[in-house]
Amino acid sequence: MDTQKTPPLQSKLPNVGTTIFTVMSALAAEKNAVNLGQGFPDFDCDSHLVDAVSDAMRQGLNQYPPMTGVPVLRDAIAAKIKALHGRDYSAASEIAVTAGATQAILTIILAVVHAGDEVIVLEPCYDSYVPNIDLAGGVPVRVPLTPGSFRPDFDKIAAAITPKTRAIIINSPHNPSGTVWTAQDMLRLQEILAPTNVLLISDEVYEHTVFDGQQHQSASRFPGLAARAFIVSSFGKTYHVTGWKVGYVAAPAALSTEFRKVHQFNVFTVNTPVQYGLATYMADPKPYLELPAFYQRKRDLFRAGLQRTKFKLLPCEGTFFQCVDISDVSDLGETEFCKWLTSEIGVAAIPLSAFYGNGFDQRVVRFCFAKKEETLNAALQRLQSL
C-alpha cells in the first residue's frame, strides 16, 4: 500500500477554478497594463481613519471583542441607518460586525439555507453568491436582469418563486452594471414577497455611491422588506479600505439570532482596533455623505474620455464601475477582447460574461474607475487609440 498517497477528494465546488479577476490581474501585471479590472481603489484612505485605528492599538484595544462586534461600533451603525433610512435597529440584538461583506453573505446563506432550498440570484451577479448557495446545499435559481438595461424583470422574479424558495439576493447599486434600483422597484419587490416566507438578502455595499442626485433605496426603508431582510454593507467600499475586510449585517432579531449562531463558529469575531477606529471615524458623517460627489467626479472624467473612443457607454447610476458595449470596437467575444485589450492596448477590464453562470456574452465589458485621476488619464490615453 502506498502510504504517501493523498486520499481522493470529491470537491464541494467542482466548477470553481481560477477566477477571471485573478487571470486579468496577473495578465495586467505581466503586460504592465493599467488595471481597471478589479474593484478596489489605488489611492489611500483618510489619514484620520488610520490614526483612529492606531490610537486604538496603542490604547491596548487588541484582545477579542464581543462576538457580534464592539458595542460602540454597533451603536454607530444603528444611528447611521436610522438617520439615513428611518429604520430603528437594536444595536444589541439586530446588528453584527463581519469580516467583510463576502463573509457576511456566506454566513447568512449558511444560517438560513437548508439542503434543497432554492435561492434566487439575479444575473449578472457578484461571483460569491452561487458558490455560497452550493456550499449550503441549496439550489441557485438564476433569473436574468434585462439585457442592456440590467433592470429587474419582476414578472420573471415572481415566476421563479416556488414553495421551495428560501431567499432572494438583490444588489443595488449593482455590481457589475452600475444600475440602481428605484423606490418603485423596491415597492414592487415588497409586493411580490408579501404573500411568501421568502427571505431577502440585500447586498448594499455600494450604498454611498449613487449619482445624479438619486437616493439609495435601502431595503431597510420599506417595512415589508425590512421585516424579512438581511442588510449587508461594507466599510471597505465606503472608506477606501477594502483590505481591512470589515462590514456589517442588520436584520430583525429573529434573523440575527440565527446569523449569530453561524457567525460565532465561522470567524467568531472581527479585529478589535479597526472596529474602535471605525466607530471613532463614523462620528463625522461627512466622509460617507460626500462619497457620491467624490466618485461622480471620477465617473464623469472617465466617461468624458471614453466618449472619444468607439465604445458605447452604458448608463452608470452608481458603484464605481462603468460598463461599455464593445460591438463597434472589435468582433472578439468579451473574454478574448479583455485579454487583447490588456496585452495590446495596456488597459485591463473584466468581461460581463464572468458574472453569468452560462457565460452569456452580450459584448459588454466592465471598467473600474475607483482610481487616482492620473491612473484614469493614463488608461484613457491608451484607450484613445480605439
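Acidic (Asp, Glu), closer than 30 Å to Lys339 by Cα and surrounded by fewer than 20 Cβ atoms within 10 Å (Cβ to Cβ): does that describe Asp42?
Values: acidic (Asp, Glu): yes; closer than 30 Å to Lys339 by Cα: yes; surrounded by fewer than 20 Cβ atoms within 10 Å (Cβ to Cβ): yes.
Considered against the rule, which asks whether it is acidic (Asp, Glu), closer than 30 Å to Lys339 by Cα and surrounded by fewer than 20 Cβ atoms within 10 Å (Cβ to Cβ), Asp42 comes out as yes.
Taking the criterion of being out of contact with any strand residue (DSSP E or B) (no Cβ under 8 Å at 6 or more places or on another chain) and either surrounded by 14 or more Cβ atoms within 10 Å (Cβ to Cβ) or not assigned by TED's automatic domain parsing to the domain that holds Val365 (or both), the residues of region 306-316 that qualify are Thr309, Lys310, Pro315.
When you scan region 194-217, do you find a residue that is in contact (Cβ under 8 Å) with a residue 12 or more places away in the chain, assigned by TED's automatic domain parsing to the domain that holds Tyr64 and part of a helix (DSSP H, G or I), even just one? No, the conditions are met nowhere in region 194-217. How many residues, within region 317-334, are in a loop (DSSP other than H, G, I, E, B), more than 20 Å from the chain's Cα centre (by Cα) and surrounded by fewer than 22 Cβ atoms within 10 Å (Cβ to Cβ)? Of the residues in region 317-334, 7 are in a loop (DSSP other than H, G, I, E, B), more than 20 Å from the chain's Cα centre (by Cα) and surrounded by fewer than 22 Cβ atoms within 10 Å (Cβ to Cβ). Comparison of Ala226, Ala251 shows that the only residue that is assigned by TED's automatic domain parsing to the domain that holds Thr102 and touching an Asp or Glu at 6+ places or on another chain (Cβ under 7 Å) is Ala251. What are the residues in region 335-359 that are in contact with an Asp or Glu (Cβ under 8 Å, 6 or more places away or on another chain), surrounded by fewer than 18 Cβ atoms within 10 Å (Cβ to Cβ) and at pLDDT 95 or above, if any? Once the filter is applied, which keeps residues that are in contact with an Asp or Glu (Cβ under 8 Å, 6 or more places away or on another chain), surrounded by fewer than 18 Cβ atoms within 10 Å (Cβ to Cβ) and at pLDDT 95 or above, region 335-359 yields only Tyr356.
Among Ala29, Ala56, which is assigned by TED's automatic domain parsing to the domain that holds Gln217 and not hydroxyl-bearing (Ser, Thr, Tyr)? Reasoning before the result, please.
Working: Ala29 fails: assigned by TED's automatic domain parsing to the domain that holds Gln217.
Sole residue among the options that is assigned by TED's automatic domain parsing to the domain that holds Gln217 and not hydroxyl-bearing (Ser, Thr, Tyr): Ala56.
When restricted to residues that are hydroxyl-bearing (Ser, Thr, Tyr), in contact with a helix residue (DSSP H, G or I) (Cβ under 7 Å, 6 or more places away or on another chain) and in a loop (DSSP other than H, G, I, E, B), region 91-137 contains 2.
On the basis of being assigned by TED's automatic domain parsing to the domain that holds Val274 and within 27 Å of the chain's Cα centre (by Cα), does Met67 make the cut?
Working: assigned by TED's automatic domain parsing to the domain that holds Val274: yes; within 27 Å of the chain's Cα centre (by Cα): yes.
Yes, satisfied.
Only one of the numbered conditions (1) farther than 30 Å from Thr107 by Cα; (2) touching a residue at least 12 places away in the same chain (Cβ under 8 Å); (3) in contact with a Phe, Trp or Tyr (Cβ under 8 Å, 6 or more places away or on another chain) is not met by Ile345, and that is (3). Identify, from the list Asn15, Asn32, the residue that is loosely packed, with under 10 Cβ neighbours inside 10 Å, within 30 Å of Gln384 (Cα to Cα) and polar (S, T, N, Q). Sole residue among the options that is loosely packed, with under 10 Cβ neighbours inside 10 Å, within 30 Å of Gln384 (Cα to Cα) and polar (S, T, N, Q): Asn32. Determine, yes or no, whether Val70 is surrounded by 15 or more Cβ atoms within 10 Å (Cβ to Cβ), of a type in the set (Val, Ile, Thr), touching a residue at least 12 places away in the same chain (Cβ under 8 Å) and within 26 Å of Asn175 (Cα to Cα). Here the answer is no, as Val70 does not meet what is asked. Scanning region 267-286 for any residue that is within 21 Å of the chain's Cα centre (by Cα), without any contact (Cβ under 8 Å) to a residue 40 or more places away in the chain, surrounded by 23 or more Cβ atoms within 10 Å (Cβ to Cβ) and outside any loop (DSSP other than H, G, I, E, B) turns up nothing. Within region 93-135, the set of residues being more than 19 Å from the chain's Cα centre (by Cα) and either surrounded by 20 or more Cβ atoms within 10 Å (Cβ to Cβ) or small (Gly, Ala, Ser) (or both) comprises Ser93, Glu94, Ala111, Val112, Val113, Ala115, Gly116, Glu118. Mind checking whether some residue in region 302-316 is within 30 Å of Met57 (Cα to Cα), at pLDDT 95 or above and part of a loop (DSSP other than H, G, I, E, B)? The answer is no; no qualifying residue exists. Across region 354-386, the number of residues qualifying as of a type outside the set (Ser, Thr, Tyr) and part of a loop (DSSP other than H, G, I, E, B) comes to 13. Of the set (1) of a type outside the set (Ser, Thr, Tyr); (2) in contact with a Pro (Cβ under 8 Å, 6 or more places away or on another chain); (3) not assigned by TED's automatic domain parsing to the domain that holds His240, all apply to Arg303 but (2). On the basis of being modelled with pLDDT under 95, within 30 Å of Met282 (Cα to Cα) and outside the structural domain of Gln214 (by TED's automatic domain parsing), does Gln10 make the cut? Judged against the criteria, Gln10 is not a match.
The values are calculated or read from the model by the stated rules, or taken from the named source; none is laboratory data. Model, not experiment: these values are computed from the prediction. Here the Cβ is made from the backbone with ideal geometry for all residues, glycine too, and neighbour counts use every protein chain on show.
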